[in-house]
1. Give me the percent relative contact order of the chain, please, defined on Cα pairs under 8 angstrom at least 6 residues apart.
2. If each DSSP helix of 4+ residues adds -39,500 (n - 2.57) and the sum is divided by the residues in the chain, what number results at 222 nm, nearest 500 deg cm²/dmol?
3. Of the options GLY98, THR76, LEU54, report the single residue whose Cα projects farthest towards the positive end of the charge dipole of the chain (beta-carbon charges: Lys, Arg +1; Asp, Glu -1).
4. For helix 2-18, what angle does its Cα long axis make with the longest principal axis of the chain, in degrees from 0 to 90 and rounded to 10?
5. If you put +1 on each Lys and Arg Cβ and -1 on each Asp and Glu Cβ, how big is the dipole of the chain around its Cα centre, in Debye rounded to 20?
6. Which of the cysteines in the chain are isolated, no other cysteine C-beta under 4.7 Å?
7. Taking the Cα centre as origin and putting +1 on Lys and Arg beta-carbons and -1 on Asp and Glu beta-carbons, what dipole magnitude results for the stretch 1-52, to the nearest 20 debye?
8. Need the C-alpha centroid separation for the stretch 1-34 versus the stretch 57-110, integer Å.
Amino acid sequence: MHELALSESVVAMVRERLGEARVVRVRLQVGCLMAVVPDALRFCFEVCTRDTTLDGATLEIDEIVAHATCRTCGSTFAASSPLAVCGACGSADVRVVGGDQLRIKEVEVV
């Protein structure tokens, strides 16, 4: 379950940057190719924030779609896998862009 490691990293980064500020909301951008289960990430985030300045903070998750460009026909399409196949021509010679990132987009403090 890599959601636990991701949650630990997010909490550590926020605490390092904001110190003792009381955090009420964290908004993440998570690429669809990261294979993150949102409910599992929320659960792990809740566990990791206990007894910290993030305790009780809301975790918002924005899923980022990956895109691919076919090197054979030039079509651009949404990719749901790093092993995408072009829907227009059936070629597997594609370049997948994005969808593998995890970014802290916003942090709200009081």
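What follows is calculated from the coordinates using simple rules that are stated; it is not laboratory data. Worth saying up front: this structure is predicted, and the values here are computed from it rather than measured. Every residue, glycine among them, receives a Cβ derived from its backbone with ideal geometry; neighbour counts consider all protein chains shown.
1. It comes to 36 percent, rounded to a whole number.
2. Result for the chain: -8500 deg cm²/dmol, rounded to the nearest 500.
3. Checked the options; the winner is THR76.
4. Rounded to the nearest ten degrees, it is 60.
5. 320
6. Taking the Cβ cut-off of 4.7 Å, the unpaired cysteines of the chain are CYS32, CYS44, CYS48.
7. The calculated dipole for the stretch 1-52 is roughly 220 debye.
8. That distance is 21 Å.
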